[in-house]
Amino acid sequence: MSTEKPTEKNASNSKSAAPTTAITPTRAENYPEWYQQVVRAADLAENSDVRGCMVIKPWGYALWENVQRVLDRMFKDTGHKNAYFPLFIPLSYFEKEAEHVEGFAKECAVVTHHRLAPGKKADGKMGLIPAGELQEPLVVRPTSETIIGASFSKWVQSYRDLPLLINQWANVVRWEMRTRLFLRTTEFLWQEGHTAHATSEEAMVETLKMLEVYADFAENWMAMPVLKGEKTEGERFPGAVNTYCIEALMQDRKALQAGTSHFLGQNFAKASDIKFSDANGAVSFAWTTSWGVSTRLIGGMIMTHADDDGMVLPPRLAPSHVVIIPVTHKPETAQAVLDYCNRLAADLRRIPYAGRTIDVEVDARDIRGGDKAWQWIKKGIPLRVEVGPRDMEQDSVFMARRDRAHKDKQSLKRDDFVATITTILEEMQSGLFARAKAHREHNTKRVDSRSEFEAFFGARNDAEAEDGAGGTASVVMGGFALAHYCPDPKIEEELKTKFAVTCRCLPIDGAEEPGKCIFSGKPSTRRAVFAKAY
RNA sequence: CGGGGUGUAGCUCAGCUUGGUAGAGCGCUUGCUUCGGGAGCAAGAGGCCGCAGGUUCGAAUCCUGUCACCCCGACCA
């Protein structure tokens, strides 16, 4: 994380002095506010008039479309098919799995009427009021296990119908108390995979396979390093037997759960009556899984890569890879420069990269060049290329990379640029990953006693201490703590209350290592990961 | 649902204590000068001050009610 502060020059000069960073406040000054400002400055999304719901703007939606395109390919390559199920779930379906209902009951939007009629509203004025009450209320899906289960029970008769491997791209609604753009919104976009298998082993293989797909995507496409692990009982998906997750460490050292994969055992099969006859004619319940990632991934990319000048996009998922900025302030050469830029754009657009072709913006808007360049910096486009009359004469371009200082530009022969652009983008992609991974390693600590644990995180009411300057707490204490731990809901409850710390997961790649639980002293064979979390 | 707070121009807010009928910055439009760089100067557009009552000659300002949103908790992909 940068520790840059506004310089004295900035503080003492008149308002005409350019700020030292494009985003105010900086990450160090106020991380949550910085996050909001990046989302806005990068033109990714904005709050809507609907409580807790966001408008995803074209630049942000294009990023999501790239996430979708790549993941969708991965799902299909692992044998899954897409389908679509209703937004509305009859209340009775929801009640079938006891833990599931209990887990989601507090955050459901419920449809009770199907029409509007003129009438007197609660404030006494005339207007439209709901009419035509439904016999059975409909729940707007917070997740689709139950309604997909209803279909699965019809589709599955024989062991020959298994495995059933389905994915759905959809929106879901969870009526959260507090929302934040991309990280937690009332309505969000996601994919949910739902599968049914003949055996427990097969379902478990599927659960872990999809966790692997998510980890692969996070690391190789988002350039976001993740830990794979299993959730403890208290953090489990309502109704699941086991929940696995990928956890990433953000720049403020808080953890973000970036994806989950659940082994549902036979719980949902029993609730939805998903049964099949095996080769011997014996009837048994199927074993099911479900797994999902959401638009939260975009929040993860922001908090992993963005800096005090705005968004930094991983090239493989960037909506556009390069913006060409024609320098056309001399009227006599303006058209020639523009033509030159368009020809360059056309050549670039033929180059294959990361499963598509290079996407190019030619920004010929009639606004000042500096302003234009800064807008693209804030949007996080990987490469900016300026082309003016002088460059054109020498058949060269002036290139700036988003992963370097904004004044650090280099002149390249046009043909060399075209020939090396994918190499440059790949270098940036791996550079982002390496930087994020170094940040995580730097903020991961092996903790061997309770006192060490407490020192690492600080007590919850140390909020002021977390924020050197006083005022808005922005820098979180801690990071990932690796500690021997024997899962116990009571301990987790206490950690949450006292330190705002949760057990993120029991890593599945963690090496076996004998030790003692730092809380109970009981023997343990592996370390768990603890952190403050989003 | 508990505890705080705020509703005034597209955005961020000042004005309210001590009522006299609307302000700033940013953004937007136009002109001139600048410009391989987040420009300067000038002019301009834009608001029945959340809503409903009340007090008053007069309410953004005082009183009552109401709605909405925000922050801190419990919950969360």
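The values are calculated or read from the model by the stated rules, or taken from the named source; none is laboratory data. Just so it is clear, the structure is predicted and the values come from calculations on it, not from any experiment. No Cβ is skipped: glycine too gets one built from the backbone with ideal geometry, and neighbour counts run over all protein chains shown. In case anyone asks, the SASA skips ligands and DNA or RNA and just uses the protein heavy atoms, side chains included. Shrake-Rupley method; radii C 1.70, N 1.55, O 1.52, S 1.80 Å.
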Counting only residues that are at pLDDT 95 or above and either in contact with a Ser or Thr (Cβ under 8 Å, 6 or more places away or on another chain) or open to solvent by 10 Å² or more (accessible area, probe 1.4 Å) (or both), which one in region A:305-320 is farthest from residue A:428 (Cα to Cα)?
A:319
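Name every residue in region A:498-528 that is part of a strand (DSSP E or B) and within 25 Å of residue A:35 (Cα to Cα), in order of residue number.
Filtering region A:498-528 down to residues part of a strand (DSSP E or B) leaves A:502-507, A:515-516, A:523-524, A:527-528.
Listed by number, the residues that qualify are A:502, A:503, A:504.
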Kindly establish whether residue A:323 is open to solvent by less than 20 Å² (accessible area, probe 1.4 Å), touching a strand residue (DSSP E or B) at 6+ places or on another chain (Cβ under 6 Å) and in a helix (DSSP H, G or I).
no
Residue within region A:378-390 that is within 25 Å of the chain's Cα centre (by Cα), closer than 28 Å to residue A:298 by Cα and near RNA strand B (Cβ under 8 Å from one of its atoms) present:
yes
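Pick from region A:422-454 the residues that are of a type in the set (Ser, Thr, Tyr) and open to solvent by less than 60 Å² (accessible area, probe 1.4 Å): which of them is nearest to residue A:356 (Cα to Cα)? Walk me through how you get there before you give the answer.
Start the filter on region A:422-454 by keeping residues that are of a type in the set (Ser, Thr, Tyr), which leaves A:422-423, A:430, A:444, A:449, A:451.
Add one more test, that the residue is open to solvent by less than 60 Å² (accessible area, probe 1.4 Å), and what stays is A:422, A:444, A:449.
Details: A:422: 12, A:444: 36, A:449: 50 Å.
Selected residue: A:422.
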Output for region A:362-392, where each listed residue is aliphatic (A, V, I, L, M), under 17 Å from residue A:331 (Cβ atoms) and in contact (Cβ under 8 Å) with a residue 24 or more places away in the chain:
A:364, A:387, A:392
If residue A:217 passes every condition in (1) within 16 Å of residue A:295 (Cα to Cα); (2) not in a helix (DSSP H, G or I) but one, which one does it miss?
(2)
Within region A:46-92, the residues that are in the same structural domain as residue A:183 (by TED's automatic domain parsing) and among the polar types (S, T, N, Q) are A:66, A:68, A:78, A:82, A:92
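Specify the residue that is most open to solvent (accessible area, probe 1.4 Å); the eligible residues are those in region A:287-304 that are touching a Gly at 6+ places or on another chain (Cβ under 8 Å) and not in a helix (DSSP H, G or I).
Filtering region A:287-304 down to residues touching a Gly at 6+ places or on another chain (Cβ under 8 Å) leaves A:287-293, A:297-298.
From what is left, the residues that are not in a helix (DSSP H, G or I) are A:287-293.
Working: A:287: 61, A:288: 8, A:289: 2, A:290: 2, A:291: 6, A:292: 11, A:293: 7 Å².
Checked region A:287-304; the qualifying residue most open to solvent (accessible area, probe 1.4 Å) is A:287.
Can you find even one residue in region A:217-226 that is open to solvent by less than 20 Å² (accessible area, probe 1.4 Å) and farther than 30 Å from residue A:308 by Cβ?
no
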Looking at residue A:533, is it open to solvent by less than 70 Å² (accessible area, probe 1.4 Å), within 16 Å of RNA strand B (Cβ to nearest atom) and either under 17 Å from residue A:231 (Cα atoms) or at pLDDT 90 or above (or both)?
yes
For region A:153-202, name all the residues that are near RNA strand B (Cβ under 7 Å from one of its atoms), within 15 Å of the chain's Cα centre (by Cα) and open to solvent by 40 Å² or more (accessible area, probe 1.4 Å).
A:179, A:184
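One line per residue, one yes/no per condition, for (1) more than 16 Å from RNA strand B (Cβ to nearest atom); (2) of a type in the set (D, E, K, R); (3) buried (at least 20 other Cβ atoms within 10 Å of the Cβ); (4) under 20 Å from residue A:245 (Cα atoms):
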residue: A:481; (1), (2), (3), (4): yes, no, yes, yes
residue: A:484; (1), (2), (3), (4): yes, no, yes, yes
residue: A:492; (1), (2), (3), (4): no, yes, yes, yes
residue: A:508; (1), (2), (3), (4): yes, no, no, yes
residue: A:516; (1), (2), (3), (4): yes, yes, no, no
